[in-house]
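Since the structure comes first, as structure tokens, the remarks are kept for the end.
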Amino acid sequence: MIIVIHENNEWISPFETAFQKLNIDYLIWYVPDMFLDLSEVPPDAVYWNRMSASSHSRGHRYEPELVAGILAWLDRHDRTVVNGPNALDLEISKMRQYQELEKFSIRTPKTFCAIKTEHLLDGASRIGFPLITKHNRAGKGLGVKKFDKQAALQNYLDGDEFEESPDGITLLQEYIDAPSKSIIRMEFVNCKFLYAVEVDTSQGFELCPADACELESNCPTEEFNKFEIIDGFTIPNIADYERFLKQSDVGIAGIEIIFDADGNYWTYDVNTNTNYNPKAEAQAGQSAPEEIGKFLSSLL
Ligand SMILES: Nc1ncnc2c1ncn2[C@@H]1O[C@H](COP(=O)(O)OP(=O)(O)O)[C@@H](O)[C@H]1O
Ligand SMILES: [Mg+2]
């Protein structure tokens, strides 16, 4: 049996559909409704952790902490877990993600991290303008805003609109200007590159590929394809990303990169909880949920 640990019902149906199609025996553990008697023994199963860093935006502020405990319990009982404790650790902290990526010579944008406004205002001069703010723990583009000048940044940090990251840590990051007005999200299953999807960023920074999220962003025209799978995409150091995932115990992930005007690419987000765009997948004849189903079954 496969057990999926997650906290967002809107994201789960594509996986259930794939598991049913593949005749996979599965159970869904919805974290907000979970409790745990530590003397119990976990079911004999292969576990897939899909805890998301943006859970607080759905009223699930403490669920990552509960999952950390559940994963420790599974570990104690030697259960096979895809995206175990280390994946959760990376999921909830961009600071920690960037350190791990750099260990594998994967380039991340210049980033400054602090809690206090005064330190962020000082740090801005190290990064230079334009820069973007983001949350250390987030996802869905929460807290991502672009600033061209110190005064505008100061107004934001001092004003009512400022949203704090759930862990209190704000990041300032060098803004990478992409001539393509898009980013690339590379999907990995079983630590292996599966496909890359190009995401149009001309409408803003909230780029979750799940159907439910895409609808929220109000596509202006019906023909507008925000997500498109790129045929034959590759980059020279794709194997470094695969090594990074393997060593970090992240079996399934979506990693985001952005190409600048010189053709250099920068890696700025590792989603250990990743969603797929059904329309883009249908057009390209791909199904990451089915690949995941096959991968998880292979571990049984
Ligand atoms: N350094 C950057 N330069 C330019 N755009 C960025 C940069 N970092 C993030 N963005 C834009 O903001 C979006 C959300 O940022 P990201 O770091 O992925 O946060 P989240 O974890 O909330 O998804 C990205 O997909 C991208 O479009
Ligand atoms: Mg992202």
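The values are calculated or read from the model by the stated rules, or taken from the named source; none is laboratory data. Remember, it's a predicted structure, so these values are computed and weren't measured experimentally. Please note: Cβ atoms are built from the backbone with ideal geometry, for glycine as well, and neighbour counts cover all protein chains shown. Just the protein is used for accessible areas: all its heavy atoms, side chains included, with ligands, DNA and RNA removed. Shrake-Rupley method; radii C 1.70, N 1.55, O 1.52, S 1.80 Å.
Check whether at least one residue in the range 35-47 is surrounded by fewer than 20 Cβ atoms within 10 Å (Cβ to Cβ) and under 30 Å from F112 (Cα atoms), and report yes or no.
No, the range 35-47 contains no residue that is surrounded by fewer than 20 Cβ atoms within 10 Å (Cβ to Cβ) and under 30 Å from F112 (Cα atoms).
Would you check if there is a residue in the range 203-216 being open to solvent by less than 10 Å² (accessible area, probe 1.4 Å), modelled with pLDDT of 95 or more and either in a strand (DSSP E or B) or under 19 Å from A53 (Cα atoms) (or both)?
Scanning the range 203-216, I find no residue that is open to solvent by less than 10 Å² (accessible area, probe 1.4 Å), modelled with pLDDT of 95 or more and either in a strand (DSSP E or B) or under 19 Å from A53 (Cα atoms) (or both), so the answer is no.
Open to solvent by less than 20 Å² (accessible area, probe 1.4 Å) and in contact with a Lys or Arg (Cβ under 7 Å, 6 or more places away or on another chain), is that true of S165?
Yes, satisfied.
Suppose we keep only residues that are part of a strand (DSSP E or B) and basic (K, R) within the range 99-145. Which one would you say is farthest from ligand 2 (Cβ to nearest atom)?
Ranking the candidates gives K145 first.
For every residue, the table says whether it meets (1) within 16 Å of ligand 2 (Cβ to nearest atom); (2) acidic (D, E); (3) open to solvent by 30 Å² or more (accessible area, probe 1.4 Å); (4) in a helix (DSSP H, G or I).
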{"position": "G263", "(1), (2), (3), (4)": "no, no, yes, no"}
{"position": "T267", "(1), (2), (3), (4)": "yes, no, no, no"}
{"position": "V270", "(1), (2), (3), (4)": "yes, no, no, no"}
{"position": "N275", "(1), (2), (3), (4)": "yes, no, no, no"}
{"position": "E281", "(1), (2), (3), (4)": "no, yes, no, yes"}
{"position": "P289", "(1), (2), (3), (4)": "no, no, no, yes"}
{"position": "G293", "(1), (2), (3), (4)": "no, no, no, yes"}
{"position": "S297", "(1), (2), (3), (4)": "no, no, yes, yes"}
{"position": "L300", "(1), (2), (3), (4)": "no, no, yes, no"}
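Cβ-Cβ below 7 Å, separation at least six or inter-chain, first residue in the range 235-255 and among the acidic types (D, E), second open to solvent by 10 Å² or more (accessible area, probe 1.4 Å): which pairs?
D240/F104; D240/S105; E242/C191; E242/K192; E242/F193; D249/N86
Residue-wise test of (1) within 24 Å of E91 (Cα to Cα); (2) of a type in the set (S, T, N, Q); (3) touching a helix residue (DSSP H, G or I) at 6+ places or on another chain (Cβ under 8 Å).
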position: A114; (1), (2), (3): yes, no, yes
position: A124; (1), (2), (3): no, no, yes
position: T133; (1), (2), (3): yes, yes, yes
position: K140; (1), (2), (3): yes, no, yes
position: K146; (1), (2), (3): yes, no, no
position: F162; (1), (2), (3): yes, no, yes
position: G168; (1), (2), (3): yes, no, no
position: D177; (1), (2), (3): no, no, no
